[in-house]
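Only the coordinates and a few stated rules stand behind these numbers; no lab work does. The structure displayed is predicted, hence computed values, not measured ones. Using ideal geometry, Cβ is built from the backbone for each residue, glycine included, and neighbour counts are taken over all protein chains shown.
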Amino acid sequence: MATLSDYLIAAFWGFVFGFLVSIPVGPINISIVNEGARRGFRWAFLIGLGATIMEVIYCAIAFAGFTHLLFDSRVVKATMELVSFMLMLFLGVKYLFAQSLPATSRSVESFEHRLHPHTAFWTGFVRCLGNPCVLLFWITISATFISHDWMDDTWQSKCMCLLGVTLGCFSWFTLLSFLVARRRGRFSTHTLLRMSQFSGASLLIFALVLGGRLVKLLAHR
């Protein structure tokens, strides 16, 4: 039976990943920087709120698709840990050495063309909806959580982890909105790029931790 500490661990890791994966430069953060500088905190905050809700929906879909039964085999568990390690390594390198600011993508533009969001909230929601990589990312992360026993295969534990993800995403977008609104015209995209590189470095460190666990798992076979 899960204890309070188990739930807190699930919420903690949800918060950590929710916060870190929201930092890298992308359509949402660029929108917050641009619109926050022009229209102020409220507009930027609503963009972040819409993005947070869509991110959480993707995360909930991913969490619903995994159970501990999938990880009874050591081979399957080692495979998922390898996939998690490779994903963290790839994202870490990608964000750490990023030199450009992707303000949009084809899929995002396609969704915006179809749905025509006219409010700040729906702009954030649709821009996150138009990025299917978010769902693929959370599918991999949910497998990581379960394979490392950071999240139990119960709805209570998954809800606590989802709460952590929600708070992590919401905290970053709110913080960014506040900084942009407070420093209108002085918060550059270069600063945002530096933050993205910091996120990449954090993911690389985490990849090294996953790599160490994978080595230990294989060594005990």
Item to check | Cβ-based charge dipole, segment 125-207, positive-most Cα from 140, 179, 150 | outcome: 179
Item to check | Label-point gap, in nm, between residue 57 and residue 153 - each point 7 angstrom along Cα→Cβ | outcome: 2.9 nm
